[in-house]
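Please read the structure below before turning to the comments.
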Amino acid sequence: MDLTQNNAPIYVKCDVNSMKPLDNLCHPVSVIKDAEMLAAEAFGAKHAFFIVNGTTAAVQTMIFASCKAGDKIIMPRNVHRSAINALVVCGAIPVYVNPGTNKQLGIPLGMSVEDVEKAIIENPDAKAVLVNNPTYYGICSDIKRIVKLAHDHGMLALADEAHGTHLYFGDNLPCSAMAAGADMAAVSIHKTGGSLTQSSLLLCGDKVSEGYVRQIINLTQTTSGSYLLMVSLDLARKNLALNGKELFKKAVDYADYAREEINKIGGYYAFGKELENGRDFYAFDSTKLSVHTRAMGLAGVEVYDILRDDYDIQIEFGDIGNILAIVSAGDRELEIERFISSLSEIKRLYSKDPSGMFDHEYINPIVDIPPQQAFYSDKKSVPIEQSENMICGEFVMCYPPGIPILAPGERITKDILNYIFYCKEKGCFLTGTEDLEINNINVVVNS
Amino acid sequence: MDLWFTEKHTDDVNFTIRVKKQLYSEKSYYQQIDIFDTYEFGKVLVLDGFIMLTEKDEFIYHEMVTAVPMAVNPDIKNVLVIGAGDGGTIRELCRYETIEKIDMVEIDEQVVKVCKEFLPQTACSFDDPRLDLYIEDGLKFVRRKENEYDLIIVDSTDPFGPGEGLFTKEFYGNCSKALTDRGILINQHESTYYDSYVDMVKRTHRRIGSAFPVSMVYQTHIPTYPSGHWLFGFASKNLHPVYDLKAEEWKKFGIKTRYYNTELHKGCFALPNYVLDVLDDCN
């Protein structure tokens with residue numbers, strides 16, 4: 001196909017740029033402004049920014065707008081890499097709150113209010129608290145109380161809602177950041193809201209200056225904002241506002257049904273609201289279909305690969321002990337039934353003795369030096385198996401979910417090395433290191 | 001008035017029959033259901049525009065999906081039929097007095113209702129006491145069964161629309177689990193004559209082969225299906241459709257058939273080379 005032809009598809013014709021009647025994303029005064037106002041209204045925010053550089057840009061803007069070099073920010077360690085990347089860029093210092101963990105599932109949970117309060121009291125000079133709402137696995141912290149705590153101590157409350165678009169529209173879903181009174185939220189409309197990949201919203205509440213946030217956005221945002229992405233945001237906003245409630249109800253019904261059926265197969269554990277504990281698993285996002293597979297002797301990533309290769313079913317991700325399927329209104333009964341039946345077949349054909357399998361997904365890190373300092377220190381590359389007890393100078397992640405196993409400045413422990421080797425053996429997609437094969441790792445010199 | 005019904009067999013081939021009267025036309029939750037009365041073929045059941053059966057040639061299909069497995073294992077007692085809302089397969093099974101239990105799973109209740117009203121020729125055995133009718137998804141139903149059936153007949157529509165899940169690898173695996181050691185799976189296997197069907201035949205054959213040690217294909221002449229040359233699958237864990245044929249025992253059933261006989265049984269597993277080429281390509 002030749003994109004310059006007159007019969008080019010509509011999406012190519014939408015790809016125009018910044019002529020006066022079409023407004024300018026860097027300085028919106030007309031149509032983009034109007035669309036952003038409609039989005040703010042739909043999401044219950046004071047202001048909404050259209051973001052075309054991915055939710056990464058929205059997360060980074062939240063951090064840049066709250067912290068300068070040397071400022072502290074309180075966040076759970078199981079943040080997305082974009083948050084720690086922001087710290088590398090701006091020099092803010094993370095105060096990590098260790099997320100709760102569920103030993104059986106081996107996954108990190110949310111933050112308990114008590115742990116956040118402790119971090120706030122120990123670090124009264126911190127500028128902001130960042131909350132995952134929800135985590136990739138659909139687990140929410142008590143965001144209302146965390147926002148209140150932050151505000152009571154003069155800190156901003158930020159939310160990474162990369163997986164939370166639907167919280168603004170569905171019934172019986174966990175509280176959204178804006179409803180909880182948070183100051184900023186980064187929302188990946190493209191993940192569960194139906195806009196094009198890389199388009200996103202940054203929502204703001206009353207306490208932050210719209211003008212200042214825009215200046216921060218413009219530090220790194222393209223000056224040629226894609227109208228294709230902006231149009232998709234506007235259309236997704238319309239669809240969500242008009243049909244969101246119904247669409248997410250259907251998704252929740254499908255996911256609830258699938259959980260029930262998968263748990264009947266035996267061996268698997270499709271977890272849900274029964275794990276809510278009022279603390280670090282405060283609320284569960286029922287559209288997420290997370291299934292624990294380790295009790296069947298299979299790593300999540302193995303089930304993920306079998307589903308794709310043998311059953312033509314592509315799900316979101318598989319990690320060491322779990323798989324995650326995201327159910328949307330675009331699914332049909334057939335897809336749900338096929339997914340359940342395939343899991344039943346995988347159990348019949350592949351299940352084995354689970355002893356000897358790696359049983360934890362999350363290891364609390366030891367942070368020796370701040371991310372920016374570590375990233376820009378003198379570093380050397382060493383074979384990964386010889387890196388024990390050194391300080392890591394780069395990221396190591398499984399992708400997805402993209403939560404760092406190691407971030408710059410963290411100590412490389414034996415547990416972490418064993419975990420990395422196990423992930424490699426099971427076929428996880430490891431990313432982040434300069435060496436694409438992950439045979440070598442950059443460590444801080446003299447560490 | 002000259003009224004004709006046309007089914008598209010391929011992009012470039014149509015099959016057209018003259019209609020006396022349209023008897024029924026409604027859309028169910030799953031599909032468009034039509035019944036025509038025709039001059040040549042009697043009443044015709046059409047789903048989503050595709051002919052499922054005609055009164056004139058349905059006996060061929062229904063005898064061939066029932067008599068073939070019954071002649072390989074005359075001891076079949078428990079049968080699961082998936083699809084088959086028109087009742088023809090049930091009618092044939094009910095002729096075997098030794099069958100003790102038939103579970104039938106049809107996803108679209110509307111098809112059963114309509115056939116009972118307009119197609120008594122096939123929908124005549126729904127009251128048989130051995131039959132339990134379940135209105136639900138076959139893929140879901142069979143998933144919960146283990147070592148329960150001696151025979152599963154997949155009397156499905158085409159591999160798109162409501163029947164799509166009945167052509168998947170997980171479905172055939174679930175069937176294998178639901179069958180006893182001497183169990184047999186019979187399925188509607190499409191046709192290889194037109195190129196547009198070939199990929200699906202290959203995929204289906206490959207998927208069944210992954211779930212069953214014995215996976216064979218047999219052929220039939222069904223005049224109102226695309227090309228008229230139609231295939232069925234015979235899969236089992238250890239019974240061979242020809243070497244294990246119990247011709248004398250089947251004859252003792254005393255069932256009068258218009259298409260099937262035990263000599264034809266042996267012959268229908270002998271396939272033309274162009275079909276063999278397609279099937280060989282699956283391995």
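By other beta-carbon atoms within 10 Å, ranking A:Phe49, A:Phe421 with the fewest at the front produces A:Phe421, A:Phe49. Residue exposure proxy: A:Glu394, A:Glu117, A:Glu41, ordered by other Cβ atoms within 10 angstrom of their Cβ from fewest to most, comes out as A:Glu41, A:Glu117, A:Glu394.
Counting Cβ atoms of other protein chains within 10 Å of each residue's Cβ and taking the mean over peptide B:167-175 gives 6. Roughly how far apart, in whole Å, are the Cα centres of segment B:158-188 and segment A:361-396? Taking the Cα centre of segment A:361-396 as reference, the centre of segment B:158-188 is 52 Å away. What shape does segment A:245-350 take by its C-alpha gyration tensor, where a ≥ b ≥ c are the square roots of the eigenvalues and a/c under 1.5 counts as rounded, a/b above b/c as prolate, and the rest as oblate? In terms of gyration-tensor shape, oblate.
The Cα center of segment B:218-234 and the Cα center of segment A:160-216 differ in position by 57 Å. Can you bin chain A into rounded, prolate or oblate? Criterion: square roots of the alpha carbon gyration tensor eigenvalues sorted a ≥ b ≥ c, rounded for a/c under 1.5, prolate for a/b above b/c, oblate for the rest. Because its axes are fairly even, with a/c under 1.5, chain A counts as rounded.
Between the alpha-carbon centres of segment A:243-267 and segment A:29-79 there is a gap of 31 Å. Dividing the radius of gyration of the alpha carbons in chain B by their Kirkwood radius gives 0.94 for Rg/Rh. Given q = 0.09, 0.12, 0.19 Å⁻¹, what are the Debye log10 I(q)/I(0) values for segment A:137-265, with equal point scatterers placed on the Cα positions and solvent ignored? Treating every Cα as an identical point scatterer, log10 I(q)/I(0) equals -0.32, -0.55, -1.17. Size of segment A:28-240: Rg and Dmax of its alpha carbons, in Å, are 16.1, 53. If you sort the three axes of the alpha carbon gyration tensor as a ≥ b ≥ c, you get a/c of 1.5 or more for segment B:4-54 and a/b no higher than b/c, which makes it oblate.
Values in this text are rule-based calculations from the coordinates and carry no lab data. The structure displayed is predicted, hence computed values, not measured ones. Virtual Cβ from ideal backbone geometry, glycine too; neighbours counted across all protein chains shown.
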